[in-house]
Amino acid sequence: MLPLTGNATGVHTTGLYYPLRGETLHFGRPRGVSNVLEQEQAWVSLESGLLLIIHTNSRELKT
């Protein structure tokens, strides 16, 4: 998760290895880039800002 237009505030996640509970992700700092799915689906909500979320299948990347 990368903030795109400044900070993303009030970020909550479920279903991820590193859960966020009302956190602020700061623009230009890669704090949210190494999270891992713990369940088949994950949920993300935020109070303000814009997040880029990228999901990759690590099994497909290992060739």
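If each of ARG31 and THR9 carries a label point 7 Å out from its Cα toward its Cβ, how far apart are those two points in nm?
Those two pseudo-labels are separated by 1.3 nm.
Over all alpha-carbon pairs in the chain, figure out the percentage whose distance exceeds 19 Å.
Roughly 29 percent, rounded to a whole number.
Values in this text are rule-based calculations from the coordinates and carry no lab data. Everything quoted here is computed from the prediction, not taken from an experiment. Cβ sites come from the backbone with ideal geometry, for glycine too, and all protein chains shown count toward neighbours.
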